[in-house]
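Worksheet for the structure shown next.
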Amino acid sequence: MATAAPNGADLPQDGLPATPESVVVRFAGDSGDGMQLTGGQFTLSTALAGNDLATFPDFPAEIRAPQGTLFGVSAFQINFGSREINTAGDAPDVLVAMNPAALKVNLAALKPGGLIIADTGAFTKRNLDKAHYDANPLEDGSLAKYDVLAFDISEKTIEAVKPYGLGNKDALRSKNMWTLGLALWMFDRPREPIHEWLKAKFKSKPDIADANIAALDAGHAYGETAELAGPLKQLHVDPVPSAPGLYRTITGAEAVSLGLVAGAQLAQLPMFFGGYPITPASAILHHLARLKEFDVTTFQAEDEIAAICAAIGASYAGSLGVTSSSGPGIALKTEAIGLGIMTELPLVIVNSQRGGPSTGLPTKTEQSDLYQAVYGRNGDAPMPVIAASSPGDAFEVAIEACRIAVEYMTPVMLLTDGYIANAAEPWKVPDPADFAPFPATFLDQPNDGENFLPYKRDAKGARPWVKPGTPGLLHRIGGIEKHETTGNIDYSPDNHQRMTDARKAKVENIAVPDQQVALGDKTGTLAVVGWGSTYGPIHQAVRRSIAKGCSVSHIHVRHIWPLPGNLGELLKGFDNVLVPEMNTGQFKTVLRDQFLVDATPLTKTSGQPFQIAELEAAIAKYFDGIEGNEGGQVNVNDQQLPSPEGGAK
């Protein structure tokens, strides 16, 4: 048991020192307990405290799973600290469990000696039965290897909001705020930003705002004044050193939205976004709908096909057309993507990947749409593909997608995934002057003497962009093959060959920056090659392996198609190439095909992101002297993130 030091400072406790370098906290409860909101507001306070952070919201696919069941558990994990943070953390130091199901689903992930904060008021016989507990784990000694702080949060919340006349059912809706108040005290976080947020959120219902503020303050006061036996002591996490500037927290969906708007502004174009609701891509539509002042038009279509066709029509009319979806929706859009390639119009397609195939895992993350992005269309239909590596990186990648689409008159697919879309991190707001404009140009006069040739290409292979109704520039457009210059329908074999070659050459010749090494040397024993959201765990695993003396480097690829021109030679400078990805080895196949390198896959398709420890173990196999044990599939880890079968039995 930790005790207070004479000078008021806290002595180190079993799980954490009084001033830890980083802490991983997981809030877990029923879908209706407000865990995502609690985690989001704790993230806001943590960012304002100056810590670096990374978050991972994890919630069930059901709109509302049965209350108290294992399948209804929602969780929010945050890793924050006074050093650089790249992932949401392998395992939590602190688990806040609002009911028995949350404890059972998440317990196995908690570090030995970690802290459990549990609401005894929710550990009723009925809830224990729903979680398949034969006995109350708070009382039977099964949690002996953890520090446990168990008290009746439900009762204390009801008591805190009693002055506001709420019934018990309504009062219990504030217990997430009580818990948040306790967490704010525990990690020395300010309450005032949450006060202001609650007042704004419930502006039309001030009594509800006041009740939630009272619950928040009561939780904070409990930590501040109660005589708590056991492990709960206040911890202080120093701010992370950071460059001067304006910072905010940002999710991947927010960053994509802002990047698309910035890209349209840099192209000096209005933006039209056509979308259809689908997890985890819907947030992009929601964010863009609030940005109308930047000449953004949003359209929620009746289906995925209508959404992309409307975006293609907007591009034809002179706007930057954008659409967004996840794997199942991208499959429905495929024919229209081919139309965009055939008509050679600028179009940005955002794919927020999730577990598949079919409906698959709507709220879980995966990288299994790479084949779909690079190859998944009928005919030879080449299209540029780029991938974001983090929530903050999604902003720049969205701008790059807009640039390629406008300069090369082509659809572009931007890959994110559920982890990037929902996760948050601190983001230094960039200076707009740092981004070079790429203004779109529209042809307004004939381009071949007195004649207009709609498919006469420039040096980049792009055809001219013409707004409908431009005098003298009437031309045909559509999905049937066109003559290579006049744009008239032409089925002739030689013309189709030349047009196929022209479309292919245009994409292959897109100017892609040379590939850089993210960490380590440019040659060595092992290159760990990643793309997308695997950046954080790969980077940390490589950093730790280098510290152990391993000759290993991290290479992270943004431009998936076409690939950087120097990537092949760069990979050949390493004895081994390991490709971790959340699919069955799709990018590994692309690298083998393009560069004839013996790339080894490390795959994971459990709907969960890679852990740093898993990648460290995979890297270590290249230096253990045992031949033939490299790569393979990462075993399913029931201790990582909420699984109804995880935890104690």
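The values are calculated or read from the model by the stated rules, or taken from the named source; none is laboratory data. In this text the structure is predicted, and so the values were computed from the model without any measurement. For neighbour counting, all protein chains shown are included, and Cβ atoms are generated from backbone atoms with ideal geometry for every residue, glycine included. Ligands, DNA and RNA are stripped out before the accessible areas are found, and what is left, the full protein with its side chains, is counted by its heavy atoms. Shrake-Rupley method; radii C 1.70, N 1.55, O 1.52, S 1.80 Å.
Numerical summary
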{"quantity": "In order through the stretch 345-351: 3J(HN,Hα) via Karplus (6.51 cos²θ - 1.76 cosθ + 1.60), integer Hz, x for Gly, Pro", "calculated": "10, x, 7, 10, 10, 9, 10"}
{"quantity": "Estimated vicinal HN-Hα couplings, Hz - the stretch 523-531 in sequence order (Karplus 6.51, -1.76, 1.60; Gly, Pro = x)", "calculated": "9, x, 6, 9, 10, 9, 9, x, 8"}
{"quantity": "Unit charges on C-beta of K, R, D, E only; dipole of the stretch 569-617, Debye", "calculated": "140"}
{"quantity": "Partners for residue 130 among lysines (Cα-Cα distance below 26 Å; same-chain residues under 8 apart left out)", "calculated": "104, 111, 145, 156, 169, 175, 364, 649"}
{"quantity": "Relative intensity, log₁₀ I(q)/I(0), of the chain from a Debye sum that treats every alpha carbon as a point, q = 0.07, 0.08, 0.09, 0.12 Å⁻¹", "calculated": "-0.50, -0.64, -0.79, -1.26"}
{"quantity": "Solvent-accessible surface ranking, highest first, for 247, 491 at 1.4 angstrom", "calculated": "491, 247"}
{"quantity": "Surface accessible to a 1.4 Å probe, per residue, for the residues of the chain, Å²", "calculated": "41"}
{"quantity": "Kirkwood Rh in Å, taken over all unlike Cα pairs in the stretch 462-513", "calculated": "12.7"}
{"quantity": "Cα centroid of the stretch 459-505 to Cα centroid of the stretch 316-387, whole Å", "calculated": "23"}
{"quantity": "Segment residue 246-residue 225, extension gain: residue separation times 0.36 nm, minus the distance between their alpha carbons", "calculated": "4.0 nm"}
{"quantity": "Phi-based couplings in Hz for the stretch 448-463 (Karplus 6.51, -1.76, 1.60; Gly and Pro marked x)", "calculated": "8, x, 8, 9, 10, 10, x, 10, 6, 9, 8, 5, 8, x, 8, 7"}
{"quantity": "Amide H within-cut-off set for residue 577, under 5 Å, with H built and near neighbours excluded", "calculated": "527, 600"}
{"quantity": "Surface share of carbon and sulfur [accessible, 1.4 angstrom probe, percent] for the chain", "calculated": "52"}
{"quantity": "Cα-based Lys proximity count in the stretch 462-569, under 24 Å, for pairs eight or more positions apart or on separate chains", "calculated": "5"}
{"quantity": "Surface accessible to a 1.4 Å probe, residue 117 within the full protein complex, Å²", "calculated": "10"}
{"quantity": "Amide hydrogen neighbours beyond the local backbone of residue 235, cut-off 5 Å, H modeled", "calculated": "187, 188"}
{"quantity": "Separation in nanometres of the label points that stand 7 Å from Cα toward Cβ, at residue 517 and residue 566", "calculated": "1.2"}
{"quantity": "Pair-distance profile P(r), taking every C-alpha pair of the stretch 395-488, with 10 angstrom steps and integer %", "calculated": "13, 34, 26, 16, 10, 1"}
{"quantity": "The stretch 76-162 shape via C-alpha gyration tensor axes, a/c threshold 1.5", "calculated": "oblate"}
{"quantity": "At least 15 Å along the helix axis (C-alpha) and Kyte average at least 0.0, DSSP helices within the chain", "calculated": "35-48, 175-186, 252-266, 304-317, 327-343, 393-408"}
{"quantity": "Solvent-accessible surface (1.4 angstrom probe) belonging to residue 358, in square angstrom, nearest 10", "calculated": "90"}
{"quantity": "Residue-level accessible surface for residue 621, protein heavy atoms, 1.4 Å, Å²", "calculated": "80"}
{"quantity": "240, 557, reordered so the largest accessible area comes first (probe 1.4 Å)", "calculated": "240, 557"}
{"quantity": "Cα gyration tensor shape of the stretch 274-313, rounded if a/c is under 1.5, else prolate or oblate by comparing a/b with b/c", "calculated": "oblate"}
{"quantity": "Ranking by accessible area, most exposed first, for 458, 90 with a 1.4 Å probe", "calculated": "458, 90"}
{"quantity": "Under-5 Å amide H pairs with residue 53, H placed in peptide plane, nonlocal only", "calculated": "85"}
{"quantity": "Helical mean residue ellipticity (222 nm; -39500 (n - 2.57) per DSSP H run of 4+; nearest 500) of the chain", "calculated": "-10000 deg cm²/dmol"}
